[in-house]
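Nothing in this text is a laboratory measurement; each read-out follows from the coordinates by a stated rule. Only a predicted model underlies this, so the values are computations on that prediction, with no experimental measurement involved. In this analysis, Cβ positions are derived from the backbone assuming ideal geometry, glycine residues included, and neighbour counts consider all displayed protein chains.
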Amino acid sequence: MTAQQCIDNWRYFMESGLRLGSIAPDNPYNPILGEFMDLAEAQNLRVDFIPVHFYDDKLAWQWEGDLTNIWNTYHRPIWITEGNQGANWTGNSFPVNNPDILNDANANYHKNNIQDIVNVLESLPFIERYSLYNWVEPRRSFIINIDDFFRSTNPDWQNYVWLQAAIQNPISTWVDASGDTDYRVLTPAGQAYANTTSNKAYNPSVVYVPIWTPFKESLTYTISEDFQNIKLHWEGKNGELINKYIVQKKSGFTWTTIYDSSDYTVLSTTPQPIPAQTTEYRIIAVGLDNVQSSQSTFFTVQSVVAAPNDLVGIAVSAKKISLSWSEVTNAEYTYNIKRSTTPGGTYETVASYITGLNYVDSGLNPETNYYYKISSVNTGGESADSSPEAMVTTMALVAPSSVSNILVGSGDDQVKLKWDLIEDSQFHIKRSDSQSGTICYYSHNRF
């Protein structure tokens with residue numbers, strides 16, 4: 001995989017909430033590790049430690065220098081997930097230059113260097129875990145089988161001092177097909193490694209704390225249906241790499257905090273009252289190291305707008321009046337309708353938060369004068385009432401004319417009737433079983 005492909009999937013790993021190690025290439029000097037870490041830093045992706053494969057055929061002081069360089073480069077704890085003093089693909093400085101020979105000289109050389117390396121690993125506080133790998137070649141083994149292969153490649157094996165001691169306390173023994181006794185034993189390096197009591201564990205003193213500036217959050221908002229409350233929302237780009245979010249408002253010259261929470265999973269405020277004056281809002285993201293993002297000022301509450309000045313009404317029946325008006329800029333299409341039965345009298349609100357440009361007032365009395373005013377509503381509040389008031393007189397209540405445009409349809413043991421609406425009227429439906437038969441009421445009070 002490429003570094004970018006790893007980065008593209010990294011957020012899914014972050015969702016686990018577990019500590020995350022970087023990618024682990026074949027060696028810590030592979031350029032892909034640096035490329036991956038640069039991309040992670042640029043995108044504020046969490047990487048908690050650096051796992052490495054470490055097979056340098058070097059002395060302990062050189063291991064210390066190389067590992068310190070990795071620490072200084074990435075500033076994260078190091079896990080050596082596998083390693084040894086070299087491998088079959090590296091150079092070597094063993095006394096006997098034969099990878100299969102594990103005589104006393106090679107065994108003691110490996111043991112002494114492993115002891116020194118382990119001491120270095122135990123002394124470095126940024127080394128959090130390490131595991132030495134066995135199966136690279138016999139001379140670098142920690143555990144080895146003394147079998148036909150070993151005896152054939154080490155013809156002087158019976159004279160190896162280390163081996164004569166090891167087979168006195170083997171890990172296991174068995175008899176092979178030829179009847180010979182085979183052994184699995186610890187090499188001198190393996191015995192030294194086994195005798196090590198490691199103090200390695202999670203070390204809070206070397207935990208990596210991000211030093212980047214958190215991403216700037218983008219705010220959106222929703223307004224309640226009654227235009228009394230505002231609720232602010234943000235994306236949560238920083239995920240768990242955030243200490244807290246702070247939301248503030250300013251009416252005048254001072255910013256006031258209205259929300260302060262360290263719960264990065266909450267991405268909105270509780271409903272806040274709409275202020276009565278022009279107000280700005282902003283959000284601040286505070287990182288784990290308490291570095292703040294740039295402040296996002298996004299939304300200014302509008303000032304109160306004027307009411308429509310062209311409210312008109314028309315009586316559509318003895319009990320209904322239709323009102324209409326023109327849109328007011330920045331009113332967000334919300335209006336309150338108010339009514340009185342006397343000119344200049346006491347007005348009551350008969351409809352609130354109308355989003356269209358018309359309204360039908362019903363349930364009125366016939367031949368009565370009604371007076372109307374309208375106000376605009378936006379996030380700044382409610383405007384003054386319109387002036388002048390609009391006066392409309394409802395129609396007289398008269399007997400309806402005959403029903404027109406009657407349509408009849410039937411099927412599936414049903415008959416469906418339809419006719420034109422007559423305002424202020426009820427309808428009686430009558431039915432007979434024959435053209436000249438008795439007509440009886442079938443239904444009534446149908447509007």
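Descriptive notes on the structure:
- Farthest toward positive dipole pole in the chain [+1 Lys/Arg, -1 Asp/Glu at C-beta], among 355, 313, 101: 313
- A helix-only calculation puts the chain at -5000 deg cm²/dmol for mean residue ellipticity at 222 nm, using -39500 (n - 2.57) for each DSSP H run of at least four residues, averaged over all residues.
- The packing ranking, built from the mean of other Cβ atoms within 10 Å per residue, places the peptides 92-99, 235-242 in the order 235-242, 92-99, highest first.
- Set of lysines near residue 231 by C-alpha distance (under 21 Å), chain-local residues within fewer than 8 positions excluded: 216, 244, 249, 250
- Near-label residues of the stretch 77-108 by backbone N, under 13 Å of a point 7 Å along Cα→Cβ of residue 48: 77-79
- In sequence order, calculated HN-Hα J values of the stretch 165-177 (Karplus, 6.51, -1.76, 1.60; Hz; x Gly/Pro): 6, 5, 6, 6, 9, x, 6, 7, 9, 7, 9, 7, 5
- Assuming charge only on the beta carbon of Lys and Arg (+1) and of Asp and Glu (-1), the dipole of the chain about its Cα centre is about 1460 debye to the nearest 20.
- Percent RCO, i.e. relative contact order, over the chain, from Cα pairs under 8 Å lying at least 6 residues apart: 9 percent
- Highest GNM mean-square fluctuation among 307, 201, 189, for the chain modelled with Cα contacts below 10 Å: 201.
- Using θ = phi - 60° in the Karplus curve 6.51 cos²θ - 1.76 cosθ + 1.60, the 3J(HN,Hα) couplings for the stretch 12-25 round to 5, 5, 4, 5, 5, x, 8, 5, 10, x, 5, 5, 10, x Hz; x is entered for Gly and Pro.
- Pairwise FRET efficiency - residue 220 versus residue 355, Cβ, R0 = 25 Å, nearest 0.05: 0.80
- Cα centroid separation, the stretch 153-167 to the stretch 131-146 (Å): 16 Å
- Only one residue of 262, 47, 209 has its Cα farthest out toward the positive end of the dipole of the chain, where Lys and Arg carry +1 and Asp and Glu -1 on Cβ, and that residue is 262.
- Prolate/oblate/rounded label for the chain (Cα gyration tensor, a/c 1.5): prolate
- Whole-number percent relative contact order across the stretch 54-153, with pairs defined as alpha carbons under 8 Å at least 6 apart: 37 percent
- The amide H of residue 54, built 1.01 Å from its N in the peptide plane, has 82, 83, 84 as neighbours under 5 Å, considering only residues 5 or more places off or on other chains.
- Contour minus Cα-Cα distance for residue 268 and residue 229 (0.36 nm per residue): 12.7 nm
- Projected onto their three principal axes, the Cα atoms of the stretch 108-159 cover extents of 44, 19, 11 Å, largest first.
- For the stretch 1-68, the dipole from Cβ point charges (+1 on Lys and Arg, -1 on Asp and Glu) about the Cα centre works out to 240 debye, to the nearest 20.
- Note on residue 72 and residue 195: with the Förster distance fixed at 30 Å, the Cβ-Cβ geometry gives a FRET efficiency of about 0.45.
- Stretching residue 19 away from residue 5 to a fully extended chain increases their span by 3.0 nm, per 0.36 nm per residue minus the current alpha-carbon distance.
- Amide H within-cut-off set for residue 182, under 5 Å, with H built and near neighbours excluded: 174, 175, 176
- Full extension of the chain between residue 97 and residue 399 gives 96.6 nm of extra length, using 0.36 nm per residue less the Cα-Cα distance.
- Charge dipole of the chain about the Cα centre (unit charges at C-beta), most positive-ward option of 172, 37, 120: 37
- Förster radius 35 Å - calculated FRET efficiency between residue 365 and residue 438, Cβ distance, rounded to 0.05: 0.35
- Highest mean packing comes first when the peptides 177-183, 265-271 are listed by Cβ atoms within 10 Å, giving 265-271, 177-183.
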